[in-house]
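Scroll down for the structure; my scribbles are underneath it.
The values are calculated or read from the model by the stated rules, or taken from the named source; none is laboratory data. These figures come from a predicted structure and were not determined experimentally. Cβ placement follows ideal geometry from the backbone for every residue including glycine, while neighbour counts extend to all protein chains displayed. Side chains are part of the model used for accessible areas, which takes the heavy atoms of the whole protein and leaves out ligands, DNA and RNA. Shrake-Rupley method; radii C 1.70, N 1.55, O 1.52, S 1.80 Å.
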Amino acid sequence: MFAFVALSTLAVPTVAAASASEMDTDSHPPLNPAIQGNRMVWMDMRNDLTPDDSNKNYDIYMYDIIADETYQITAQLTKEENPDIWEDYIVWIDYRLGPGNGDVYVYDLGLDSDGDGIPNYKDPDRDLLNDPAEIKITNDVVQQEYPAIDSGVIVWMDWSDGSQNIRGYDLRAQTTFWLSDTTENQNYPDSDTTTENQKYPDIHGTDIVWEKILRIVFDEGDDDEKTLVYSSLHHYDLSTDTDGDGINNYLDADSIRINDTARTQLTPSEGKSFRSDVSHGMVVFQRDVDKSADQEIILYNLATGVETNISNDPNRQTIPAIFGNKVIWEDEDHQDLYVYDIRTATLDLLVDGSFLGKQKIYADIVVWEEKVSSTDYALRYQRIAGAQAPVIESFSPSMSFQVDEGDSIQLNVSIVDPDSTPDITWYVDGILQAGEILNTFDYQTDFFSGGKHLVEVKIADPDYTIKKTWYATVIDQLAPFDISPSLPLTSPNMVEGSTLTFNISATTIGPFTYAWSLDGALIPGASTNAYVHTAPTDLEGTTTQILPLTVMVDDGVNVKYHTWNVAIHYFQDRDLDGFSDQVEVDASTDPDDPMSIPVDTDGDRIPDASDPDDDNDGILDATDIDPLDAKATLPASSDALTFILLEVVGIIGALVMIMYFGKK
């Protein structure tokens, strides 16, 4: 029988007394709840028909608090266990390939495979046994266990390299990676054997914590052995980029798994620290002082490395969980559930019950297993008294979405916070979007953003911080482009026979095809963004002609054109005497008689009548002592006259001297 139990209680099947066709309720309660946002998931036996006690058929179920609806997620005839949830993704271990070969599966709650507007998990037409929303993550013929998911990263314990290590999968990068390495095992010289197992990972944001179990066996002779078992906690920071190449260690092919600097040890190797949980930079765990009587709850600050004992109770305090500023755990001796406020350092009784266990917390909601009678088990949830956490009542898009490059989409969250006005911040791939502080956000893509991206909104009041995350799949599109001349910028003037390079630039990187044409005629071989043009020399009838030079740029979708109107200046010479017709007309010679040519002393094809330097000696005719003699380089000036007079005086003086000495 399945029924809801009491207020704010999510019930699982009520099981009758054991019989040939029914299961043993005492040994098969509903197990391992997890919560994120308004959704809870758990492993559920309501469909079990197997008589084998060791291979019961557990399915994964989900409950939506706001919708007040329960959904069956899996329906295999084998066991699916240990679910966890983050946004639109549920992860679990699946045994459809047989015992001892559990694989990691993930379910995409946002998938609408038939496009009818109803996501698969809500669609009454879906095939439960062949649902494309189920995605197999691992393919190793070994055991995987204890999955956890947050911020698009799945972590679990994995046997595929021959020992128990922590492995992960990035949903966005679609990449599997290792986080731990048992080759770092410590050696104990006096021991017979030493083994290490890495188990029970948890993740929040970029922080991952897990437990390393150290088993040391000492040979004491006479077939006697002494075994010591220790447990320590370890941390991995997914944001670490040791070599600064922009690729975080866990995704970097160059990162070394052994001695990865992103990994640190939090508690001593020869200790008893286990059952860890992590949230917002804080780790909570259970430490055994005396396993039979004294178990403490310890809070560890990842930023400072400071430990704080927050239980201070001689009874057995077990199974801690943390979210934000709240820590919960069970007093095993009294079967009570406690909540601790980190900011105020206050401890309150949350639930005074019996047979509690497997408690989890998200914001101000706590969910746990509870035996409500000798035959009935329930999953209960309850809000913590006091300040209430903000609640995202609705959001759009309702699931992860696709958008084309260059387009935008508006995201929206509807928030209720009974006792404060929360702060809102938006992030894209972990980068704060400055100024975006409203409950709506326009996600604008560019033409370089193809692929998967995380869009996240955080809602924070003084007591709680919650978030909603979407996966945005940006579809590659050809970027619209424009073109502009880079050389020459404007339509140029050219002289016949001269050359000039024309170049066109596009606003995107292409690829493009090019075609050039002159005066409407395609230019063979001109197929790049540059073209060298030689002005023709055989124009007739005019001294200047305008020829359009056009380039076409094509990216396969759009076509752009640019035209230069090239002015080509042509010097016509009908009698082929080297002087253009216009020059001869200006010089009063006959442009049709090759023997009638203008006077051109220096042969520079500029008639003397219009040449400012007829002898081309560098001295303008107006100041040249002899404008037609290139050797006469003195300017016609007073300095020149003075020079001539001095020369004459010198000659006369020389004659006088000759006459004088001649008389002697």
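Worth a mention:
- On the stretch given as region 369-397, residues that are open to solvent by 40 Å² or more (accessible area, probe 1.4 Å) and either part of a loop (DSSP other than H, G, I, E, B) or within 27 Å of Thr465 (Cβ to Cβ) (or both) total 14.
- Flag if Thr501 is assigned to a strand (DSSP E or B), within 30 Å of Ile361 (Cβ to Cβ) and either open to solvent by less than 70 Å² (accessible area, probe 1.4 Å) or modelled with pLDDT of 90 or more (or both): no
- Qualifying residue in region 411-425 (condition: touching a strand residue (DSSP E or B) at 6+ places or on another chain (Cβ under 9 Å), in contact (Cβ under 8 Å) with a residue 40 or more places away in the chain and outside any strand (DSSP E or B)): yes
- Within this structure, Asp114 passes the test of being at pLDDT 85 or above, of a type outside the set (Ser, Thr, Tyr), out of contact with any helix residue (DSSP H, G or I) (no Cβ under 7 Å at 6 or more places or on another chain) and surrounded by fewer than 16 Cβ atoms within 10 Å (Cβ to Cβ).
- Scanning region 504-518 for residues that are assigned to a strand (DSSP E or B) and of a type in the set (Gly, Ala, Ser) returns Ser505, Ala506, Ala515, Ser517.
- Residue selected from region 353-367 under the condition at pLDDT below 90 and touching a Leu at 6+ places or on another chain (Cβ under 8 Å), by the criterion nearest to Asp463 (Cα to Cα): Lys358
- The number of residues in region 317-359 being open to solvent by 30 Å² or more (accessible area, probe 1.4 Å) and either closer than 17 Å to Ala34 by Cα or part of a strand (DSSP E or B) (or both) comes to 8.
- Qualifying residue in region 591-604 (condition: out of contact with any Pro (no Cβ under 8 Å at 6 or more places or on another chain), closer than 30 Å to Thr501 by Cα and loosely packed, with under 15 Cβ neighbours inside 10 Å): yes
- Count - residues of region 438-447 that are assigned to a loop (DSSP other than H, G, I, E, B) and loosely packed, with under 12 Cβ neighbours inside 10 Å: 2
- The set of residues from region 394-421 being closer than 30 Å to Phe481 by Cβ and charged (D, E, K, R) comprises Asp404, Glu405, Asp407.
- Once region 398-437 is narrowed to residues that are modelled with pLDDT under 90 and open to solvent by 70 Å² or more (accessible area, probe 1.4 Å), the residue that is nearest to the chain's Cα centre (by Cα) is Ser398.
- Condition check for Gly102: open to solvent by less than 20 Å² (accessible area, probe 1.4 Å), closer than 19 Å to Tyr146 by Cα and modelled with pLDDT under 90: no
- Among the residues of region 342-361, those that are under 39 Å from the mean Cα position of the chain (by Cα) and either β-branched (Val, Ile, Thr) or closer than 17 Å to Asp202 by Cα (or both) comprise Ile342, Thr344, Lys358, Gln359, Lys360, Ile361.
- Pick from region 572-590, criterion open to solvent by 60 Å² or more (accessible area, probe 1.4 Å) and on the phi > 0 side of the Ramachandran plot, ranking: nearest to the chain's Cα centre (by Cα): Leu576
- Qualifying residues in region 264-300 (those that are among the β-branched types (Val, Ile, Thr) and open to solvent by 30 Å² or more (accessible area, probe 1.4 Å)) - the one farthest from His235 (Cα to Cα): Val289
- Residue that is most open to solvent (accessible area, probe 1.4 Å), among those in region 64-88 that are closer than 22 Å to Ser394 by Cα and aliphatic (A, V, I, L, M): Ile66
- Residues located in region 245-258, provided they are open to solvent by less than 70 Å² (accessible area, probe 1.4 Å) and of a type in the set (A, V, I, L, M, F, W, C): Leu251
- Candidates Thr242, Thr261, filtered to the one that is within 22 Å of Asp429 (Cβ to Cβ), open to solvent by 70 Å² or more (accessible area, probe 1.4 Å), touching a helix residue (DSSP H, G or I) at 6+ places or on another chain (Cβ under 8 Å) and among the β-branched types (Val, Ile, Thr): Thr242
- Restricting attention to region 607-630, the residues that are touching a residue at least 24 places away in the same chain (Cβ under 8 Å) and under 22 Å from Val585 (Cα atoms) add up to 2.
- Qualifying residue in region 523-545 (condition: without any contact (Cβ under 8 Å) to a residue 24 or more places away in the chain, part of a loop (DSSP other than H, G, I, E, B), in contact with a helix residue (DSSP H, G or I) (Cβ under 8 Å, 6 or more places away or on another chain) and farther than 30 Å from Gly618 by Cα): no
- Restricting attention to region 147-176, the residues that are surrounded by fewer than 21 Cβ atoms within 10 Å (Cβ to Cβ) and in a strand (DSSP E or B) total 3.
- Region 326-341 - residue that is closer than 17 Å to Asn301 by Cα and of a type in the set (D, E, K, R) and, of those, farthest from the chain's Cα centre (by Cα): Asp341
- Residue check for Ile310: open to solvent by less than 40 Å² (accessible area, probe 1.4 Å) and within 15 Å of Ile35 (Cβ to Cβ): no
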